[in-house]
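Engineer: Please find one structure pasted underneath; my questions will follow.
No lab work stands behind these numbers, since they all come straight from the coordinates. Please read these numbers as outputs of a predicted model, since none were measured by experiment. Quick reminder, even Gly has a Cβ in these numbers, built from the backbone with ideal geometry, and neighbours come from all protein chains shown.
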Amino acid sequence: MKKRSVILLALVAMCVCPKLQAVEFAYDAGAEIVSSYMWRGQYNGGLSFQPDVELGFDALDGMFQFRAGAWASLGASDWKFQKGLAENENGNPNTYFVPELDLLVNFTMGGLTFGVTHYYYFGGSPFFNWGKFDPINGSAGTSQTELSLSFDLGKKVEILPLTISWSTMVGGDDLTESDKVVESADGTPMLDEDGNEVYALKRAFSSYVEVRWDQPLPFGLTLSAALGVSPWVSPVYGNRKTALTNIFAKLNKEWEFDVCTIDLYAQGSINTNGINKTNAFISAAGDDKLYQQKLNGCIGLGVWF
C-alpha cells in the first residue's frame, strides 16, 4: 500500500508541479481623471485625479490571481466645503470632501474573488482604527475597513456576463444607535441636551450588495449596468431600512496601444434612498450640499499600463 501511495503521489506531483511553477508576475497601473467622484450611488466629490497601482501574480494558467495595491482620489473640491459646516450636518458625517487613500488586497480563484479594502480619509484621524470606539461618543475615527466577496458568473457561463458582489464594513467609522439606553452613574437613563434618552452605539456592519452586467459591443465599446442595495440600516449609505441605493449605467470605449490602454467613459446613477424633487438634482448654487444629490453623472478618461 505504501509503495502504491508513493507512486500515486509522484504522478500527481508530475502533473501539478509544472503548472505551479508557471507563476507569472502581474501588475496594473494607471490613473483616471473624472468630472466627479461617484461611489455606489453617492456623490463623493467633484473633478478628481485617481491613480491606481496593483502588484501581484497569476498562477494555474490565470485561474488563481493575487493582487495588492493602492488607489487614491484627490479632488479639486477637496476641503472646499469644510468652512462653516458642522461635522454631522443633517446626519451626514461627510459634509465636506477630503483626499482619500485606499489599500486593497484581492484573491481570485476561478470566478470567485475575496477582497479586503481599507479606506482612509485625510483629516487627522489615525490611519488604522481597528474597531475601537466609545459606545457613547462614537469616537471611531474616519477610516473604514471592508471585506468583500464577488462571483463572476461570466467566467462559468459566457452568455451570462453577470458579477454578483457583497461588501461589508467591519472596522472604523460605521456606527449606529442600539436599543440599549446609556445609564448614568446613579442608574438613571442618561439624557442629552434636549432631554432625550441617549442610546449606546454599536457597529452597523454597513453592507452593499450589487448585481452588475457587462456587455461587450462592437467597435471596442462596453455597456455596463448595475443594481446596488444596502440591505439594512447603514450610516455609510444613509438608509434606515433596506434601500436601493444605486441604479447605474456606464458606456466605455477602449483604445489599445503597444505601451498602454486608453479608455473614455460616461456614466450615470440614481440613488432611490430618500429621493425627492429637492435632492434629485441640486443646483451649483448649493454646491455645499452636493453630497446629498441623488441623480449623478460623470465622464472619465483613463490611461493604463
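Engineer: Quick one: would you say ASN252 is under 30 Å from SER178 (Cα atoms) and touching a Leu at 6+ places or on another chain (Cβ under 8 Å)?
Structural biologist: Considered against the rule, which asks whether it is under 30 Å from SER178 (Cα atoms) and touching a Leu at 6+ places or on another chain (Cβ under 8 Å), ASN252 comes out as no.
Engineer: Residue by residue through the stretch 38-67, note down the ones that are within 23 Å of LYS289 (Cα to Cα) and of a type outside the set (Phe, Trp, Tyr).
Structural biologist: Scanning the stretch 38-67 gives MET38, ARG40, GLY41, GLN42, ASN44, GLY45, GLY46, LEU47, SER48, GLN50.
Engineer: ASP194 versus (1) surrounded by fewer than 16 Cβ atoms within 10 Å (Cβ to Cβ); (2) over 26 Å from LYS155 (Cβ atoms); (3) touching a residue at least 12 places away in the same chain (Cβ under 8 Å): which is the lone unmet condition?
Structural biologist: Failing condition for ASP194: (3).
Engineer: Does LEU201 fit the bill of being more than 23 Å from GLN42 (Cα to Cα) and touching a Lys or Arg at 6+ places or on another chain (Cβ under 6 Å)?
Structural biologist: The answer is no for LEU201.
Engineer: Hey, another quick one. Looking only at strands (runs of 3 or more DSSP E) that lie completely in the stretch 130-245, which have at least 3 residues being touching a His at 6+ places or on another chain (Cβ under 6 Å)?
Structural biologist: Filter on the stretch 130-245 gives an empty set.
Engineer: A further question follows. Quick check on this structure: which one of ALA249, ALA280 is part of a loop (DSSP other than H, G, I, E, B), surrounded by fewer than 16 Cβ atoms within 10 Å (Cβ to Cβ) and among the hydrophobic types (A, V, I, L, M, F, W, C)?
Structural biologist: ALA280
Engineer: Further, regarding this structure: For a quick check of your reading of the model, give me the residue pairs whose first member lies in the stretch 98-114 and is closer than 24 Å to SER73 by Cβ, whose second is among the charged types (D, E, K, R) and crowded, with 16+ Cβ neighbours inside 10 Å, with beta-carbon atoms closer than 6 Å and at least 6 apart or on different chains.
Structural biologist: VAL98/ASP78; PRO99/ASP78; ASN106/ARG67
Engineer: Considering the stretch 21-50 alone, what residues qualify as being under 30 Å from MET63 (Cα atoms) and among the small types (Gly, Ala, Ser)?
Structural biologist: ALA22, ALA26, ALA29, GLY30, ALA31 - these are the residues of the stretch 21-50 that are under 30 Å from MET63 (Cα atoms) and among the small types (Gly, Ala, Ser).
Engineer: Another question about this same structure. Let me confirm something: among VAL229, VAL303, VAL259, which residue is closer than 23 Å to MET169 by Cβ and not acidic (Asp, Glu)?
Structural biologist: On inspection, the qualifying residue turns out to be VAL229.
Engineer: For CYS298, indicate whether it is surrounded by 13 or more Cβ atoms within 10 Å (Cβ to Cβ) and either more than 25 Å from PHE97 (Cα to Cα) or among the hydroxyl-bearing types (Ser, Thr, Tyr) (or both).
Structural biologist: Answer is no for this residue.
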